[in-house]
Amino acid sequence: MEDNVLFVSKLYPDALLSDFVKDAKVGLDFAAHNLSMAIWTGFKQNGIDVDILNTPQLGSWPKFHNTPFIKEYVNKHLVSVSYFNLMYFKRKSLENHVYNCMYKWCRKHNGQKKILLYNFNYIGVAKKIKGLFPEVKFCMIVTDLPEYMSTSKGIFSSIVKKTTHYQDPDKASQYDAIDGFILLAKDMKNKIPIDGKPWIQIEGIYNDEAVLEKVEKDIHKVIMYTGNLGSRYGIPDLLKAFMMIDDPDYRLWIRGNGECECLVKECAKQDSRIKYFDKMSRKELTNLQQRATIMINPVHSSEEFSHYFFPSKTLEYLASGTPTLMSRLSCMPPEYENHLFYFEDESVQGMSNRIKEICEKSKSELNDFGLKASMFIKDKKSPKVQIKKIMDFYNTI
């Protein structure tokens, strides 16, 4: 029987990207774009003809975007929906356009229909479609839980944390339409109303087709962090732990944005071994990662949010071939155990001691460790491998 697949994505199509960048007043969500691209790539690499129903994630007009109307874009198997981008009204506009496109797709295709949703946005649409087309099998990729996404402590953030779908009895029934869940972290199953339905953990996809250049290691012992500089990600403790090391041969490189950016720059003034890097190209960032002695993720396992997300930087770190040091987060599947160094003591002093312990290992030991980790990511977490897991899971529902 014919198998039809629709992926509801969050891409920035090439034909629209320049306009999106020009009109954006805040940064674009390239994490969602990159994962969507990786999923699409995985379908193609598995020889699966997939249709893309795209909903580009943009800031609302007028505060965060210059355009009140987002135009439609159609190209072969991809439809990027148009919508009214006015703050507070955009969600309904998006839902209406997604419903219309999804309805037409279901009417057009016979045989098996599989619709893959990216996160929670259109779960209400899924319930309506399921009522009309009960044969449709919906799976939802859960990348983040809304109440743990924001680092803000403001009133709006507090409201969001109390109004998620699965915490609202009137909305929780919408999950009846979902036949299976793809979770980035296994503990997510304890928060959303899965109610005994099947789920698998697909913690991420490494999708970088560029061939890494051979880059020599820096002459110093370099600890590098790239990513969000929110305090909950352990940045203050990382800075303290590093500054407790009095060896002049050590360096701390940091690239990212967030609330601790000023703190990083202030520490860099106090300690010349600390360097903050401004925005750079993907190639430049990858080169720096390869030059480092170790990559580091200072998020503490005691942070509640750490149970309900998967740090996507882990895949990037490991793929670089530079060994990675981090806490034992519950979101990490057991198969990563032999490819990571862990903090055994997450106090500032314990972190400092462990950084030195790892950095003092021989170059050959660190290189071998990093190379095996890189091969693991590229072999086991590629788009082709991960999407095959998803489709095999789909076929069991």
Can you tell me which residues in the range 70-118 are open to solvent by 10 Å² or more (accessible area, probe 1.4 Å), in contact (Cβ under 8 Å) with a residue 60 or more places away in the chain and of a type in the set (S, T, N, Q)? ASN75, ASN110, GLN112
Those residues of the range 147-198 which are at pLDDT 80 or above, assigned to a helix (DSSP H, G or I) and surrounded by 17 or more Cβ atoms within 10 Å (Cβ to Cβ), in sequence order: GLU147, TYR148, GLN174, TYR175, ALA177, LYS186, MET188
Quick check on my filter: what residues within the range 6-17 are touching a residue at least 40 places away in the same chain (Cβ under 8 Å) and either surrounded by fewer than 19 Cβ atoms within 10 Å (Cβ to Cβ) or not in a strand (DSSP E or B) (or both)? LYS10, LEU11, TYR12, PRO13, ALA15, LEU16
Matching entry among LEU288, LEU239, LEU263 (being outside any loop (DSSP other than H, G, I, E, B), open to solvent by less than 30 Å² (accessible area, probe 1.4 Å) and either farther than 18 Å from MET351 by Cα or of a type in the set (Asp, Glu) (or both)): LEU288
Output the qualifying pairs, or none if there are none: Cβ atoms under 9 angstrom, residues six or more apart or on different chains, first residue in the range 293-307 and under 14 Å from GLU346 (Cα atoms) and touching a residue at least 40 places away in the same chain (Cβ under 8 Å), second residue open to solvent by 20 Å² or more (accessible area, probe 1.4 Å) and acidic (Asp, Glu). PRO298/ASP237; PRO298/GLU346; HIS300/ASP237; HIS300/GLU346; SER301/GLU346; SER302/GLU346
Pairs please, first residue from the range 18-37 and more than 16 Å from GLN386 (Cβ to Cβ), second anywhere and open to solvent by less than 70 Å² (accessible area, probe 1.4 Å) and among the hydroxyl-bearing types (Ser, Thr, Tyr), Cβ atoms under 6 Å, 6+ apart in sequence or on different chains. PHE20/TYR12; ASP23/THR67; HIS33/TYR12
Could you list, in sequence order, the residues of the range 119-131 that are within 16 Å of ASN4 (Cβ to Cβ) and open to solvent by 30 Å² or more (accessible area, probe 1.4 Å)? LYS130
For the range 209-219, indicate whether the set of residues that are at pLDDT 95 or above and either under 30 Å from TYR175 (Cβ atoms) or not charged (D, E, K, R) (or both) is non-empty. yes
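The values are calculated or read from the model by the stated rules, or taken from the named source; none is laboratory data. Values in this document were obtained by computation on a predicted structure and should not be read as measured data. Cβ coordinates were reconstructed from backbone atoms using ideal geometry, including for glycine residues, and neighbour counts include every protein chain displayed. We work out accessible area using only protein heavy atoms, side chains counted, and drop any ligands, DNA or RNA first. Shrake-Rupley method; radii C 1.70, N 1.55, O 1.52, S 1.80 Å.
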